[in-house]
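The values are calculated or read from the model by the stated rules, or taken from the named source; none is laboratory data. As the structure is a computational prediction, the values presented were derived from the model and not from experiment. Heads up: the accessible areas ignore ligands, DNA and RNA and are worked out on the full protein's heavy atoms, side chains in. Shrake-Rupley method; radii C 1.70, N 1.55, O 1.52, S 1.80 Å.
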Amino acid sequence: MTDESILRSNTLFMSGPFGAGKTSAAIERVLWLLRQERVRGDQILVLVPQRSLGQPYQEALRSSDVPAGSLVQVTTAATLARSSVALYWPLAAGAAGFADPRREPTFLNLETTQYHMAGLVERAVQQGEFDAIRLQRGRIVSQVLDNLNKSALHGFTLEEAYGRLESTVPPGEKMVARLNVLRTAHRISREFRQLCLAESLVDYSLQMQIFLRVILENEWSKTHLFRKFRHLIMDNAEEETYAAQELVRLWLPHLESALIVVDEDGGYRAFLGADAENAGRMAEFTKERIRLRDSHVAASGSSALIDRINRASGQQVADGNREANAGGSADPPGDSPIVFPEHSHRFYPQMIEWAVDGIERLVKSEGVAPGEIVVLAPFVSDALRFSLLSRLEERGVPATSHRPSRALNAEPAVRTLLTLAALAHPLWQRRPPRADVALALESAIAPLDPVRASVLAQAVYSDRDGTGVTLRDFEGLRGDVQRRVSFASGELYERLRKWLAGYRAESEFSPLDRFFARLFGELLSQPGFGFHDQPDAARMTDRLARSAREFRWAIGGQDGSPEMEEATQVADGSPREGVTRKLEIGRAYVDLVESGALGALYVPEWTVEDSAVFIAPAYTFLLRNRAVDVQFWLDIGAEGWWQRIHQPLTHPYVLSRNWPRDKIWGDLDELQRRQESLRRLTIGLLRRARRRVYLGLSEYGESGMEQRGPLLRLLNRIQVQE
């Protein structure tokens, strides 16, 4: 099929490997519609599974040669659902079962949803109903919410979803206890849904449920929605949920044109509800199908290597489906992008030093840009992240990291901001431990090391006496303490202490998100302080401030809205009701973060930094959907390359329409799914490496245990095939 036929096909299903040019072709189709067909921009919809994946379209549409006029909408199915629920709320509220359909809805993001769920989980924990599992409360909350989300996305009732989960409980002594835990989670899910309906709260699961079961089943609202857009592009359909794919399937007969793009061997968001199998079946509903085979990104030798991985994994690949390299010819014999280690390192720190040495050599001797290097591992622990970032900084190589599944309070920058917020808000009556104050001082004041920060915290702060949270001034300390801390650090400490004291003396407390922004902009980002020239700290501050602002808007109601802030001025020095409410909202947010809540997704978190080495878990890199020149795979002997996160309250594969309802999930199913996940992960990473992949191996892992994991065994089988 020619390029012109791709543009002119009414409905087209296009698939191929990463780097084959599918997104580029989709962008050209959008531009062709605007330029040649004179289609208005607001009649074109581009659906992507994650907002950051829409950036290539937005960049292309900002070009000066794009016709002026209304804008093309580049969005996600979730955003489309939210805007539809808001638009059709008077029509949908009553049908959805809300107690007061006239009441305006409050849309919840991940953090505010966890806030409302946390109280229900806390009561169950206090009553011992989750004693059968060892899981932090924040993880219990997130897994119960995951069940709500997946039941909505796949069209299951809560009864069917939890019935499926009960089939995953193995027989044995603990069977009854595990079943009771699931039934507790089921009860909490029902209670949460009742709370939402009573208070007009709309979380993600209820939003999708209203969209799918009310708006799309009402002929008037469905017709109105489907007529709004006449042309549709669905990119990375394999990473979309079943609900989004079914939406497009229903929409296809009403469209003038549609293009569905699928990345082969994708589906990395299965744990978020992605349905790669159903994405492949969408080809049945299009008039034309095309498969692109040539990769313009993967390194020479990748296609032959991928074939060997498929054979080693027991995956049958037809000759017609084997991709050629960028030049269209067979790979040279023995040419492989993987650089196997000459020898394994005995201990984990030695492997880290090897990786740092290799990165420094590539940057300084071979001229590879730092932004074209990624360091990947199955999981990136605090120790690994700190070791890599600090050592690369010592070598003069910029580096950054991203770990989206980590709780907000696990980040040092966030802990620093929360501790300083507690010191600045005595009315919260939160007395942070001295160890947290020492960590905050170490992070906030650049010259301080852990020892001197501890000495300073011991001298200026007490978490036991009745002095509140006030810090002592540096001049009042003993001379030996001043000399040990150093007067340069003492001067910076005094600036921090006076800033906090000045904030406490203000007649009005700022909302917490503005406090974070002020603290960063006026102090912590200045020379001499710990966040100066630290992109990760700036990114986490921005994320925390955004999160706190969204929380204030969702939880505060009118008290949290911008319109009410002018009415909360304080004239006599005592907090009025509005100020007290803001303090309560701020404290509630800090309590939520301290409980281990996961942070919501913000696009800047996924913005690629082209000037720094990127350190991340392997799946996080895949979800960015970009290629680099060089990859380092660390800890290839670890079991984590195919292991799922421990989730006793949920299951991403059983809560799917691809899994038969009455079939029991067994050990063989788990093994097969792990093998398939490892195959997809390995191939996905190889297709995103333009030049080389360096393998890092240590005989003993981070925990000191000997390692002979599945990725290592797979790579050994590949070597035997050569």
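Using only Cα atoms, figure out Rg for segment 125-179 and give it as a multiple of 2.2 N^0.38 Å.
Relative to the 2.2 N^0.38 Å estimate, segment 125-179 comes out at 1.24.
Keeping all protein chains in place, calculate the accessible area per residue for segment 106-199 (probe 1.4 angstrom), answer in Å².
44
Could you work out the relative contact order of segment 106-199? I mean the mean sequence separation of Cα pairs under 8 Å and 6+ apart, divided by the number of residues, in percent.
Reported as a whole number, the value is 34 percent.
Please tell me the relative contact order of the chain in percent, rounded to the nearest whole number, where contacts are Cα pairs under 8 Å and at least six residues apart.
20
May I ask you to evaluate 6.51 cos²θ - 1.76 cosθ + 1.60, the Karplus curve with θ = phi - 60°, for each residue of segment 537-543 and list the ³J(HN,Hα) values in order in whole Hz, giving x for glycine and proline?
Here the 3J(HN,Hα) series is 5, 5, 5, 5, 5, 4, 5 Hz.
Which links in K228/K663; K228/K287; K22/K663; K228/K582; K150/K174; K22/K364 stretch past 30 Å when you go from one Cα to the other?
In this structure, K228/K663; K22/K663; K228/K582; K22/K364 exceed 30 Å between Cα atoms.
Where does the chain land on Rg/Rh, using Cα atoms and the Kirkwood Rh?
When Rh is taken as the Kirkwood radius, the ratio is 0.97.
Which value in deg cm²/dmol, rounded to the nearest 500, describes the helix-derived mean residue ellipticity at 222 nm for the chain, given -39,500 (n - 2.57) per DSSP H run of n ≥ 4 and division by the residue count?
-14500 deg cm²/dmol
Pop out the ³J(HN,Hα) list for segment 265-273 in order, Karplus 6.51 cos²θ - 1.76 cosθ + 1.60 with θ = phi - 60°, rounded to Hz; leave Gly and Pro as x.
Coupling constants for segment 265-273: 6, x, x, 6, 8, 4, 5, 9, x Hz.
Collect residues whose amide H, placed 1.01 Å from N in the peptide plane, falls under 5 Å from the amide H of S401; neighbours closer than 5 in sequence don't count.
For S401, whose amide H was placed from the backbone, the distant partners under 5 Å are I615.
Direction-averaged shadow area of the convex hull around the Cα atoms of segment 106-199, nm²?
If I average the Cα hull's projected area over directions, I get 6.2 nm².
Could you check how much of the accessible area of the chain is carbon and sulfur, as a whole percent, using a 1.4 Å probe?
Answer for the chain: carbon and sulfur cover 49 percent of the accessible area.
Please list the non-local residues whose amide H lies under 5 Å from the amide H of T11, H modeled 1.01 Å from N, same-chain partners needing a gap of 5 or more.
A258, K287, E288
What list of ³J(HN,Hα) couplings, whole Hz, do you get for segment 491-498 from phi and the Karplus terms 6.51, -1.76, 1.60, once you set θ to phi - 60° and write x for glycine and proline?
With the stated coefficients, segment 491-498 comes to 5, 5, 4, 5, 5, 5, 5, 5 Hz.
Could you calculate, for segment 323-460, the ratio of the Cα radius of gyration to the Kirkwood radius, expressed as Rg to Rh?
1.14
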